[in-house]
Amino acid sequence: MAAQDFVSKTFDGKLQITGLYRVWFDDPETCTTWKDADIDPVRPDILAVELNFRYIALFADLGCNYLPILLDFRDKDIRLSEAYGRFEWIKKASAEDLKEICDEVASRFEESKSEYRAVATTQVERS
């Protein structure tokens with residue numbers, strides 16, 4: 001799974017995935033590229049990863065590798081990666097759009113915790 005591979009390589013096992021979301025933009029050109037394209041532009045999967053019910057990472061799954069987009073530790077501004085800024089996008093998502101994505105994921109932290117507790121309780125009952 002791309003998200004698990006990205007998180008384990010990026011965070012060295014110190015953070016765990018507690019939620020995973022695929023990002024869709026209203027504008028179909030946002031986060032598309034001609035890199036490795038044939039006839040039509042390529043739209044890599046943009047994934048938002050909730051980490052430890054507290055943090056958010058966004059990355060692009062480019063197929064053969066991953067492009068970190070941002071980290072959001074929910075303490076101040078998002079941290080955009082230099083690689084995201086240098087990548088050959090047809091149209092980049094704005095920092096404001098990316099912040100909105102992070103805010104939406106963060107609004108689900110409590111729901112993720114509740115789901116985790118429900119699953120953990122069910123597994124303990126089965127044991």
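Condition check for Arg22 on (1) touching an Asp or Glu at 6+ places or on another chain (Cβ under 7 Å); (2) without any contact (Cβ under 8 Å) to a residue 40 or more places away in the chain; (3) closer than 18 Å to Ala83 by Cα: one failure, at (3). Note on the stretch 89-127: residues that are within 27 Å of Arg43 (Cβ to Cβ) and not in a loop (DSSP other than H, G, I, E, B) amount to 15.
For the stretch 97-111, the set of residues classified as modelled with pLDDT of 95 or more, exposed (fewer than 15 other Cβ atoms within 10 Å of the Cβ) and either of a type in the set (Gly, Ala, Ser) or more than 15 Å from the chain's Cα centre (by Cα) (or both) consists of Ser107 only.
Annotation for the stretch 112-120: at least one member residue is touching a residue at least 40 places away in the same chain (Cβ under 8 Å) and either closer than 17 Å to Val7 by Cα or open to solvent by 90 Å² or more (accessible area, probe 1.4 Å) (or both). Are any of the residues in the stretch 63-71 farther than 29 Å from Glu115 by Cβ, of a type outside the set (D, E, K, R) and touching a Gly at 6+ places or on another chain (Cβ under 9 Å)? So far as the stretch 63-71 goes, no, none of its residues is farther than 29 Å from Glu115 by Cβ, of a type outside the set (D, E, K, R) and touching a Gly at 6+ places or on another chain (Cβ under 9 Å).
Select, from Glu29, Glu50, the only residue that is closer than 30 Å to Val119 by Cβ, of a type in the set (Asp, Glu) and touching a residue at least 40 places away in the same chain (Cβ under 8 Å).
Glu50
Given the residues Tyr21, Tyr66, which is the only one that is of a type in the set (Phe, Trp, Tyr), more than 18 Å from Phe109 (Cα to Cα) and out of contact with any Cys (no Cβ under 6 Å at 6 or more places or on another chain)?
Within the list Tyr21, Tyr66, the selection yields Tyr66.
Taken residue by residue, the stretch 43-58 has at least one member that is over 14 Å from the mean Cα position of the chain (by Cα) and not aliphatic (A, V, I, L, M). Contact annotation: residue pairs with Cβ atoms under 6 Å, 6 or more positions apart or on different chains, pairing a residue in the stretch 1-16 that is touching a residue at least 60 places away in the same chain (Cβ under 8 Å) with a partner that is surrounded by 17 or more Cβ atoms within 10 Å (Cβ to Cβ) and not in a loop (DSSP other than H, G, I, E, B), are Ala2/Asp61; Phe6/Phe59; Phe6/Tyr66.
Taking each residue of the stretch 67-87 that is within 17 Å of Val23 (Cα to Cα) and looking for partners that are among the basic types (Lys, Arg) and open to solvent by 50 Å² or more (accessible area, probe 1.4 Å) with beta-carbon atoms closer than 9 Å, six or more apart or interchain, yields Leu70/Arg79; Leu70/Lys99; Leu71/Arg79; Asp72/Arg79; Asp72/Lys99; Ile78/Lys99; Tyr84/Lys92.
Residues in the stretch 22-30 include at least one that is at pLDDT 95 or above and within 10 Å of the chain's Cα centre (by Cα).
The values are calculated or read from the model by the stated rules, or taken from the named source; none is laboratory data. Values in this document were obtained by computation on a predicted structure and should not be read as measured data. Cβ coordinates were reconstructed from backbone atoms using ideal geometry, including for glycine residues, and neighbour counts include every protein chain displayed. The area values use the complete protein model at the heavy-atom level, side chains included, leaving out ligands, DNA and RNA. Shrake-Rupley method; radii C 1.70, N 1.55, O 1.52, S 1.80 Å.
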